[in-house]
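Throughout, read-outs are computed from the coordinates displayed, never taken from laboratory work. The structure presented is a predicted model; accordingly, all values stated were derived computationally and were not measured. Positions of Cβ are generated from backbone atoms using ideal geometry, with glycine treated the same way; all protein chains shown enter the neighbour counts.
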Amino acid sequence: MHCSRCRIALPDHAFSCPKCGAEFAKSSRANSPWLRAALVLVLLLAVAVWAFRSGRFTSLLTFSSSQSAYAQSITDANFTIDANKYASYRFTVPAGASSVYVEGHFTAAQSSSMFDVFILRDDAFTNWSKGGQVRALYDSRHSPPNRIFVFLPAAPATYDLVFNNQFSFDAPVSVTASATLHYTK
C-alpha cells in the first residue's frame, strides 16, 4: 500500500502516513493480499457448491445405476507356512471391472514371526518363485502392519497373494488371513 498524498510505501495495516500524516479509511486496505486470497477462496467454494448442487460432479462420487459392486473372497483361512516355503492364493480381475482394489488383514500366531506378504501379477509370481527379482503391487514391508489395501489396474489380469516364510530356515509360521477383491462392473 502507498500513501495517496506523498506516495511512500506503507505497511498494509497502516491507518495514517508517518511522513505526511495523511489518514486512510479502512477501505483503502482492500488490496491486501490476504483479503484477495480470502475472496478467491470464497469464490471457489461458491463454484464448488453450485457444481455439486447442479449435479455436475455427482458422477464422480457415485456409481452409475448400471454398475454393481462385487466382493470376491481371495482367502479367509488359518494356515501354516513351513520354514523356507510360501503359500499363494490366485485371483483374477475380470474384463470390464473398474474401481478394483484388494483389502484384508493377516496375523501370525507367533508375535515374533517375520514373514512377508505380496500381491504380484501372475507373470511376476512365476519369475519370483524361480528366484527372480520383481516389483510387487503390494508389499507388507512398506504398508501398515497386518493390513492389506491396494488398488489394482482396471484390466483383466491374474494375480497372486503370496505369504512368504522363505527367510525362516527353522520355524513354521501359523497365519490367519482374510483378503477380498472388490470391483464394480
Under a Cβ-only charge scheme (Lys and Arg +1, Asp and Glu -1), can you give me the dipole magnitude of region 130-185 about the Cα centre, in debye to the nearest 20? 180
For region 69-184, the dipole about the Cα centre with charges only on Cβ (Lys and Arg +1, Asp and Glu -1), to the nearest 20 debye, works out at 160
Listed residue (Ile81, Tyr183, Ser98) projecting farthest to the positive dipole end of region 69-184, Cβ model: Ser98
Relative contact order (percent) for region 69-184, with alpha-carbon contacts under 8 angstrom and 6 or more residues of separation? 54
For region 69-184, take the alpha-carbon Rg, divide it by the Kirkwood Rh, and send me Rg/Rh. 0.96
